[in-house]
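See structure below.
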Amino acid sequence: MLLLNQRPEHNQPLVAADAESLGVAGGERAEHYLKARHNHAETPLHALPALAGELGIEALHVKDEGQRLGLGSFKALGGAYAVMRLVLEEAGKWLGRDVDISEMNDARVRQIASGMIFVCATDGNHGRSVAQGASLVGARSVIYVHAGVSRERVAAIARFGAEIVEVEGGYDHAVREVARVGAERGWKIVSNTSWLGYERVPGLVMQGYTVIVRETLRRMAEPPTHVFLQAGVGGFAAAIAGHMAIMLGSRRPKAVVVEPRRSACVYASVEAGRPATIANQEPTVMAMLECAEPSLVAWRVLARVGDAFMTVDEEDAVAVMKRLARPLGNDPAIVSGESGGAGLAGLVRAAGDRHMRAALGLDAGSRVLVINSEGATDHGRFAELVGMAPEEVFLQTA
């Protein structure tokens, strides 16, 4: 399914708050914070000429976030960044001056951080980032997980000293519980989705993701013509498309938002013409994208810079995992988790459908960017779906 953006806001400038959060200065600040991390390393940008030829396009690049900051996901850039920003802002209030990231290990800053508790809901990756951020600054974290979060992903969060709270229901129920408990106890809520009256912190999380755009554009000889972006609540897609729109202006790529057919709350919102909540569906293999309600901030941004919205099926996602792990020609092997290749799955589906190709302007001159948003954050599940362990994939590139 494919919908083109026909909303009146389409191609209009971002509202002031979003333009500030996703603008050049915000991206520079996010990079400044990132470079202060001891394990900072730019993630690779891979060219896949064999797959590009098969899809009938000029070029295909994959930005691989599978090893970002040791967390295996792009979300390492969001939650931890927001936690550090909030700690340094709190320290600034106590000390009566601006506090830079270079002072993160100052005794006074860490003493202030030790009295702060950060809380979030997660499908796995965002909670790991928030827990890591809290661990880095000496704060506490409480992470709410629902029944669909695998034991391996829960254990990865707990390794950072987080207190784990298990709740019934899905991700969206966990988000509501965090909002309730966080408000009652005065904890700092660091959500990757936003709701009425709660927008600034999700904006900071999205600001962290802009680093992906900045690294990518510096490595490309010319900007892409299209970018296919997976969406859960939509924050990732909005951050990438929004920052690209600001950085590139009229040269911005056509942004195509891709969701699992079983969990397409952004697509449903486009159909409804407003943020929509979808009914509970059968679980999707793309577990990190299983969300019933879009982020209000993300919706506001995507209404302006999202050019098309589409869905993919379960088999599309698994096929991409297998294709990236067993490439043809000289394409590199890439470890992509269940949700990591959803954007590429959208491209493959669109490229194989003449009506979609025409609607999106995909042709032999198209230069497409996709982002592998996660590696094998659950090794057992990856091996089950792909038929080989992540380590075996890595050995092909050694």
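The values are calculated or read from the model by the stated rules, or taken from the named source; none is laboratory data. The model shown is predicted, which means the values in this text are computed figures rather than measured ones. Neighbour counts are summed over all protein chains in view; Cβ atoms, including those assigned to glycine, are modelled from backbone coordinates with ideal geometry. Please note that ligands, DNA and RNA were not included when accessible areas were found on the heavy atoms of the full protein model with its side chains. Shrake-Rupley method; radii C 1.70, N 1.55, O 1.52, S 1.80 Å.
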Legend entry - Residue in region 263-272 that is farther than 25 Å from Leu14 by Cβ and part of a helix (DSSP H, G or I) present: yes
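Could you say whether any residue in region 102-118 is within 30 Å of Ala279 (Cβ to Cβ) and either among the hydrophobic types (A, V, I, L, M, F, W, C) or surrounded by fewer than 24 Cβ atoms within 10 Å (Cβ to Cβ) (or both)? Reasoning before the result, please.
Here is the first cut: in region 102-118, the ones within 30 Å of Ala279 (Cβ to Cβ) are none.
No.
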Inset, instruction - Please go through region 119-140 and pick out each residue that is open to solvent by 10 Å² or more (accessible area, probe 1.4 Å) and under 23 Å from Ala107 (Cα atoms). - result: Gln132, Ser135, Leu136, Gly138, Ala139, Arg140
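Only one of these is open to solvent by 10 Å² or more (accessible area, probe 1.4 Å) and in contact (Cβ under 8 Å) with a residue 60 or more places away in the chain: Arg349, Arg381, Arg354. Name it. Lay out the reasoning, then the answer.
On the way: Arg349 fails: in contact (Cβ under 8 Å) with a residue 60 or more places away in the chain; Arg354 fails: in contact (Cβ under 8 Å) with a residue 60 or more places away in the chain.
On inspection, the qualifying residue turns out to be Arg381.
Have a look at His46, His32, His40 and point out the one that is within 30 Å of Val285 (Cβ to Cβ) and either surrounded by fewer than 18 Cβ atoms within 10 Å (Cβ to Cβ) or modelled with pLDDT of 95 or more (or both).
Criteria check complete, one pass: His46.
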Legend entry - One residue from Val213, Val205, Val190 being at pLDDT 95 or above, β-branched (Val, Ile, Thr), surrounded by 24 or more Cβ atoms within 10 Å (Cβ to Cβ) and under 26 Å from Leu362 (Cβ atoms): Val213
Legend entry - Residues located in region 235-253, provided they are open to solvent by less than 10 Å² (accessible area, probe 1.4 Å), over 8 Å from the mean Cα position of the chain (by Cα) and either farther than 16 Å from Leu344 by Cβ or modelled with pLDDT under 95 (or both): Ala238, Ala239, Ala241, Gly242, His243, Met244
Inset, instruction - With the condition kept exactly as written, say whether any residue in region 67-83 is open to solvent by less than 20 Å² (accessible area, probe 1.4 Å) and over 16 Å from the mean Cα position of the chain (by Cα). - result: yes
Legend entry - Pair list, Cβ under 6 Å, 6 or more apart: region 154-179 residue touching a residue at least 60 places away in the same chain (Cβ under 8 Å), other residue part of a helix (DSSP H, G or I): Ala156/Arg128
Legend entry - Unmet criterion (only one of (1) of a type outside the set (A, V, I, L, M, F, W, C); (2) on the phi > 0 side of the Ramachandran plot; (3) at pLDDT below 95) for Asn330: (2)
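Of all residues in region 315-352, how many are part of a loop (DSSP other than H, G, I, E, B) and either out of contact with any Leu (no Cβ under 6 Å at 6 or more places or on another chain) or not charged (D, E, K, R) (or both)? Show your work before the answer.
Filtering region 315-352 for residues part of a loop (DSSP other than H, G, I, E, B) gives 326-341, 352.
After this cut, where a residue has to be either out of contact with any Leu (no Cβ under 6 Å at 6 or more places or on another chain) or not charged (D, E, K, R) (or both) as well, the list is 326-330, 332-341, 352.
The number of residues fulfilling the criteria is 16.
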Inset, instruction - Consider only pairs whose beta carbons are under 6 Å apart and that are at least six residues apart or on different chains; among these, list those whose first residue lies in region 299-314 and is closer than 21 Å to Arg261 by Cβ and part of a helix (DSSP H, G or I) and whose second residue is open to solvent by 10 Å² or more (accessible area, probe 1.4 Å) and not small (Gly, Ala, Ser). - result: Trp299/Pro275; Glu314/Val285
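Looking at the structure I just gave you, is Val297 of a type in the set (A, V, I, L, M, F, W, C), surrounded by 18 or more Cβ atoms within 10 Å (Cβ to Cβ) and touching a strand residue (DSSP E or B) at 6+ places or on another chain (Cβ under 6 Å)?
Spelling it out, it is not the case that Val297 is of a type in the set (A, V, I, L, M, F, W, C), surrounded by 18 or more Cβ atoms within 10 Å (Cβ to Cβ) and touching a strand residue (DSSP E or B) at 6+ places or on another chain (Cβ under 6 Å).
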Inset, instruction - Please work out which one of (1) closer than 30 Å to Pro275 by Cβ; (2) open to solvent by less than 10 Å² (accessible area, probe 1.4 Å); (3) within 15 Å of the chain's Cα centre (by Cα) is the condition Ala287 fails and give its number. - result: (2)
Inset, instruction - Enumerate the pairs (first residue in region 254-271 and open to solvent by 20 Å² or more (accessible area, probe 1.4 Å); second residue anywhere and part of a strand (DSSP E or B) and among the polar types (S, T, N, Q)) with beta-carbon separation below 7 Å, excluding pairs fewer than 6 apart on the same chain, so at least 6 apart or on different chains. - result: Arg261/Thr311
